[in-house]
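Undergrad: For reference, the structure I am asking about is given below.
The values are calculated or read from the model by the stated rules, or taken from the named source; none is laboratory data. What you are looking at is a predicted structure, and each value in this text was computed from that prediction instead of being measured. Neighbour counts run over all protein chains shown; Cβ positions are idealised from the backbone, glycine included.
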Amino acid sequence: MDKMNLTKHISSQFNEEIEQVRNHVMAMGGLIEQQLADALNAIASSDAELARQVIANDLKVNDWEIKIDHECTRIIAKRQPAASDLRLIMAIVKTISDLERIGDEAERIAKVALESFNSAQQDLLVNLDNMGRHVAQMLHDVLDAFARMDVEAALAVHREDKKVDREYEAITRQLMTYMMEDPRSIPKIMNVLWSARSMERIGDRCKNVAEYIVFLVKGKDVRHADDERLEQDARS
């Protein structure tokens, strides 16, 4: 961040306000990382109590979004930031919105652990767990990239989203086949399918945050850009 002069202002109080908001974003991100990890562990171990804890803790995620949003609004009104400082505030507002939605998806994933599955159905959860670990790593990596304002790391996360999409398509085909073979399983398997969809959306949200990092560092809006243009803009 220092190399962008985002933490060097005439007012030391402004420095502290900016740094506090950044720290709060990382704290919110850390909570959501834990929420996702707990949701996945709840499924793997059929731990209904842990799943309920994830569901209850979603309120804390919501509180963080509101708190940080208010902090950003106050900084804009009080400091009227310009240039890179304004980009930082805008990127933070967009990032916490996506993080809050990742928290919502983690809550939905946790609800699968409240279901009971027979041994054959348990096998279906293995690929779900693998996909979950993949998006959890994406979340960790994009939060790290945000903390360091690392464009290359952000690009690496952005590329991973296509792999998650392929995993989602494969899991969807597998679950559809299972439901056709055993129609009685449809209600439970639909919950697994919705969880896979939640994981796919988490990948999308991580990709969004990666794009905000490029916007912040490079000042270029790369939303909806194709891969080639994204790479060019991020490195120019």
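Undergrad: Being of a type in the set (K, R), farther than 24 Å from I96 by Cα and modelled with pLDDT of 95 or more narrows it down to one residue among R197, R184, R166; which is it?
TA: Within the list R197, R184, R166, the selection yields R166.
Undergrad: Still on this structure: From the list A196, A234, which residue is more than 24 Å from A113 (Cβ to Cβ) and in contact with a helix residue (DSSP H, G or I) (Cβ under 7 Å, 6 or more places away or on another chain)?
TA: Among A196, A234, only A234 is more than 24 Å from A113 (Cβ to Cβ) and in contact with a helix residue (DSSP H, G or I) (Cβ under 7 Å, 6 or more places away or on another chain).
Undergrad: Tell me whether the range 93-104 contains one or more residues that are of a type outside the set (A, V, I, L, M), over 17 Å from R22 (Cα atoms), at pLDDT 95 or above and crowded, with 20+ Cβ neighbours inside 10 Å. Break it down into steps so the answer makes sense when it comes.
TA: Taking the range 93-104 as the starting set, the residues that turn out to be of a type outside the set (A, V, I, L, M) are 94-95, 97-98, 100-101, 103-104.
Still in the list and also over 17 Å from R22 (Cα atoms): 101, 103-104.
Subsequent filtering for residues that are at pLDDT 95 or above retains 101, 103-104.
If we keep only those that are crowded, with 20+ Cβ neighbours inside 10 Å too, we end up with 103.
Within the range 93-104, one or more residues are of a type outside the set (A, V, I, L, M), over 17 Å from R22 (Cα atoms), at pLDDT 95 or above and crowded, with 20+ Cβ neighbours inside 10 Å.
Undergrad: Read through the list (1) at pLDDT 95 or above; (2) of a type outside the set (F, W, Y); (3) surrounded by 15 or more Cβ atoms within 10 Å (Cβ to Cβ); (4) under 21 Å from S198 (Cα atoms), then give the number of the only condition that A145 fails.
TA: For A145, the failing item is (4).
Undergrad: Which of the residues that make up the range 190-236 are among the aliphatic types (A, V, I, L, M) and more than 11 Å from the chain's Cα centre (by Cα)? Walk me through it before giving the result.
TA: To start, the set of residues in the range 190-236 that are among the aliphatic types (A, V, I, L, M) comprises 190, 192-193, 196, 199, 202, 209-210, 213-214, 216-217, 222, 225, 230, 234.
Once the filter is applied, which keeps residues that are among the aliphatic types (A, V, I, L, M) and more than 11 Å from the chain's Cα centre (by Cα), the range 190-236 yields M190, V192, L193, A196, I213, V214, L216, V217, V222, A225, L230, A234.
Undergrad: Determine which member of the set R74, R79, R52 is of a type outside the set (A, V, I, L, M, F, W, C) and loosely packed, with under 15 Cβ neighbours inside 10 Å.
TA: R74
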